[in-house]
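Below is one structure, written out as structure tokens; the observations come after it.
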Amino acid sequence: MIRNPMDMKGALVLVTGASSGIGRETAILLSQLNARLIVSGRNRERLAETVDQLEGTGHLAEPFDLDDADGIPKWIRRGVDRSVRWMAWRTAREPTNSCPCNI
């Protein structure tokens, strides 16, 4: 069997800006590649719409406004407290700011 080199099965990816535009399309594409997603953005209702468009199961919506820079550590700890292991960080808001993370 030929393995798809783009298959992201087993990866958990955080996509910020996922309530619309490039962030939403990135989340949809990653779900089609079998990634499990945490989608984030400012608008809870639009995030729910994004989750409804994702393939697969186990996706989470975590509303947050990244303009609240002081709140980011607490937001990340909240995710960790929910026993979420974040394996990748991808931000559609600033595409050059991505790094693999194990928190």
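Some points to look at:
- Qualifying residues in region 36-74 (those that are of a type in the set (Lys, Arg) and touching a strand residue (DSSP E or B) at 6+ places or on another chain (Cβ under 8 Å)) - the one nearest to GLY21 (Cα to Cα): ARG44
- All positions within region 1-29 that are in contact (Cβ under 8 Å) with a residue 24 or more places away in the chain and among the aliphatic types (A, V, I, L, M): MET6, MET8, ALA11, LEU12, VAL13, LEU14, VAL15, ALA18, ILE22, ALA27, ILE28
- Close pairs from region 52-70: first within 14 Å of LEU12 (Cβ to Cβ), partner surrounded by fewer than 16 Cβ atoms within 10 Å (Cβ to Cβ) and polar (S, T, N, Q), Cβ under 8 Å, at least 6 apart: GLY56/ASN34
- Those residues of region 10-35 which are under 21 Å from ILE72 (Cα atoms) and not hydroxyl-bearing (Ser, Thr, Tyr), in sequence order: LEU12, VAL13, LEU14, VAL15, GLY17, ALA18, GLY23, ARG24, ALA27
- Residue in region 41-50 that is farther than 24 Å from ILE72 by Cβ and among the basic types (Lys, Arg) present: no
Bear in mind that the values in this text are calculations on the coordinates, not laboratory data. Quantities reported herein were computed from a predicted structural model and do not represent experimental measurements. Positions of Cβ are backbone-derived with ideal geometry, glycine not excepted, and every protein chain shown enters the neighbour counts.
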